[in-house]
Amino acid sequence: MSAVTGGPVVTIPTACGPFSAQAWTDAASGVEHLTMSAPGTDNADGTPLVRMHSECLTGDVFGSYRCDCGEQLEQALGLVQEQGGTVVYLRGQEGRGIGLANKLRAYALQENGADTVEANEQLGLPVDARDYQAAAEILTALGITEIRLLSNNPVKREHLERYGITVVSMVPSEIPSRLENQHYLETKRDRLNHQLSHLEERFHQRPQEKIVQQS
């Protein structure tokens, strides 16, 4: 029996287009998650595109450049609107599962030279404490058991398949790196096995940075 229960389906209009939104409560943890789904028009084989997006307050809400989370979420909503599928927004997974306050403590250590893995270890915390059982149960409840997974993280695929979701293919979530997150992304590639082949691209600079360099 599934440990997640879904609420009513409502329409949420966004800059990317309208989505069918549904809140889900995980009985085991009490955490509430959200799905944003769209039928899409550009997917020949009919397999839905799914993004499992871990909550990142600093990136998703405040647009932090220390990570690429906010830009990945925006990209995912656009692609799901075009191709059809679901964004599963997983709350309670801030900082790869260590929480907001600990994430900021890890940032402080990173400002003194630690990378994102070392910072968690120095705090005595798991490098990645996330689990995707609730996400798999949400997808199953939606009637989705085969997906194209929008992710660079092979661990997400392993977890979903462990919980009965067939991942037909991995779709890269490639966001141009910035000066502020280049080292963070390189660490995820080199130490956490994230598939980030696009990191060889030049830094993506903000317009104001270009103006300063030209003056």
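The values are calculated or read from the model by the stated rules, or taken from the named source; none is laboratory data. Small disclaimer: the values here were computed from a predicted structure and weren't measured. Just so you know, the surface numbers come from the protein's heavy atoms only, side chains and all, with ligands and any DNA or RNA stripped out. Shrake-Rupley method; radii C 1.70, N 1.55, O 1.52, S 1.80 Å.
Structure notes:
- Coarse-grained scattering of region 45-90 at q = 0.13 Å⁻¹, given as base-10 log I(q)/I(0) from a Debye sum over alpha-carbon atoms: -0.29
- Derived scalar couplings ³J(HN,Hα) [region 158-174; Karplus, 6.51 cos²θ - 1.76 cosθ + 1.60; whole Hz; x for Gly, Pro]: 4, 5, 4, 5, 4, 9, x, 9, 8, 9, 5, 7, 9, 10, x, 9, 9
- Computed with a 1.4 Å probe on the full set of protein chains, the accessible area for Phe62 sits at about 150 Å².
- Here, region 1-61 has an Rg and a Dmax of 13.7, 38 Å when only alpha carbons are counted.
- One way to sum up the overall shape of region 30-180 is the equivalent ellipsoid from its Cα gyration tensor, whose semi-axes run 28, 17, 13 Å, largest first.
- Percent carbon-and-sulfur accessible area, region 122-162, ignoring ligands, DNA and RNA, probe 1.4 Å: 45
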